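Beneath this line is the structure, given in structure tokens, with notes to follow.
The values are calculated or read from the model by the stated rules, or taken from the named source; none is laboratory data. Since this is a predicted model, take the numbers as computed values, not measurements. Note that each Cβ is placed from the backbone with ideal geometry, even for glycine, and that neighbours are counted across all protein chains shown.
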Amino acid sequence: MKKEWLLIIVSVSLTFIVAFSLVRWFAPQMLGLPVDLQMVRVAKEVPPFFDGVFRPEDYESKEYSIQDPYIKRAKPLFPCLIGMGPNDILGFRNKNIPIIADIITIGDSQTYGNNAFLEENWPSSLVNNLIGYKPILYNMSVGGWGATEYFEIFNKALYLQPKIVIVAFYSGNDPIDTFNKVYGDERWKSLRLDSKLTSSDAPPLQENIEWNVKFPKGQEVIFTPNFRYVSNRRDYPAVRVGYKIMGKIAHKMVEIAEQRQIKMIFTIIPTKELVFKQKIMLGKIIPPKNYTDLVNDEEKNLIDFAEE
């Protein structure tokens, strides 16, 4: 009998201790312990929230790009100057931050809209050209990003509960930017689709030689085919793998989006050189070899990418 009573006492005591601990943790107010008087341990590894968001060094910096551990971001609260900004508190180019967004756009400088007014970048044009219904669109794009950054921010964009997410790849540099990130950062090693390649297999940067073209009606355009060809040379395995990784990341986004009933839309912004290809032909302008090589390889790359 003594053993049975002892077992009962121990069991009741343990139950009480566990129950008391749970109430103290999840509902301290039930025990007369005000939540606002609880002490929180400060750690250098995890700074207080507002010290992380309102960092003096971000606003005092003269640099436009802020380097974070995983992805670089644009300077928060940057004003509208010389075709850049305005940036919101998160460093994205918007006039405000919505609680819920109907549409999220993700991309690099082409989607951010470098050298264009906010009202002239394509996300703004998309909303302005819609007749009737005007959705809430939030643009989460930063210059210098590639597919890994798109995926990184895509997972954060889900908190805004979007109905549609539009990801705009850019063939002018995304393939190599993506390759460099995946093969140079251990966080992304699972996306190294060719184990024989290393970060040293990335094609070397080329001199940014300009090709100035004056069209028959007086329009002048500056092309940089030598520079843009780096991300499209089909004779470089790193370029082909870069495009394949972009496709792999797109599939990962779709899998996540389908679980949340979000519609995914992917587009790819071509280089300016490819956009003007037909106009150059109609103008009977003889292009240099590096221009021809670029548009030919880029067209083939885009066809392959669309089939991924």
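Observations on the model:
- Candidate set from the range 273-282 (those that are surrounded by 15 or more Cβ atoms within 10 Å (Cβ to Cβ) and not hydrophobic (A, V, I, L, M, F, W, C)); member that is farthest from THR111 (Cα to Cα): LYS277
- Pick from the range 115-134, criterion in a loop (DSSP other than H, G, I, E, B) and either at pLDDT 95 or above or of a type in the set (A, V, I, L, M, F, W, C) (or both), ranking: surrounded by the fewest Cβ atoms within 10 Å (Cβ to Cβ): ILE131
- Yes/no for PHE179 being of a type in the set (Phe, Trp, Tyr) and touching a Gly at 6+ places or on another chain (Cβ under 7 Å): yes
- Residues that are assigned to a helix (DSSP H, G or I) and free of Cβ contacts under 8 Å to residues at least 60 places away in the same chain were ranked within the range 178-188; the one that is surrounded by the fewest Cβ atoms within 10 Å (Cβ to Cβ) is GLU186.
- Condition broken by ILE97, with the remaining ones in (1) β-branched (Val, Ile, Thr); (2) at pLDDT 90 or above; (3) over 26 Å from THR178 (Cα atoms); (4) out of contact with any Asp or Glu (no Cβ under 7 Å at 6 or more places or on another chain) satisfied: (4)
- Number of positions in the range 225-239 that are in contact (Cβ under 8 Å) with a residue 40 or more places away in the chain and either among the polar types (S, T, N, Q) or farther than 23 Å from GLY283 by Cα (or both): 9
- Qualifying residue in the range 281-289 (condition: touching a helix residue (DSSP H, G or I) at 6+ places or on another chain (Cβ under 8 Å) and farther than 27 Å from ALA101 by Cβ): yes
- Residue match in the range 265-277 (condition: modelled with pLDDT of 95 or more, closer than 22 Å to ALA168 by Cβ and of a type in the set (Phe, Trp, Tyr)): yes
- Number of residues in the range 275-291 that are polar (S, T, N, Q) and over 17 Å from ASN212 (Cβ atoms): the value is 1.
- Tally, over the range 61-85, of residues that are aliphatic (A, V, I, L, M), in contact (Cβ under 8 Å) with a residue 12 or more places away in the chain and not in a loop (DSSP other than H, G, I, E, B): 3
- Residues of the range 283-295 that turn out to be part of a helix (DSSP H, G or I) and surrounded by 14 or more Cβ atoms within 10 Å (Cβ to Cβ), as a count: 6
- Within the range 47-73, being closer than 23 Å to GLU186 by Cα and of a type in the set (D, E, K, R) holds for ASP68, LYS72, ARG73.
- Yes/no for ARG260 being among the charged types (D, E, K, R), in contact (Cβ under 8 Å) with a residue 12 or more places away in the chain and either on the phi > 0 side of the Ramachandran plot or loosely packed, with under 13 Cβ neighbours inside 10 Å (or both): yes
- Flag for MET253 being buried (at least 19 other Cβ atoms within 10 Å of the Cβ) and farther than 13 Å from ASP174 by Cα: yes
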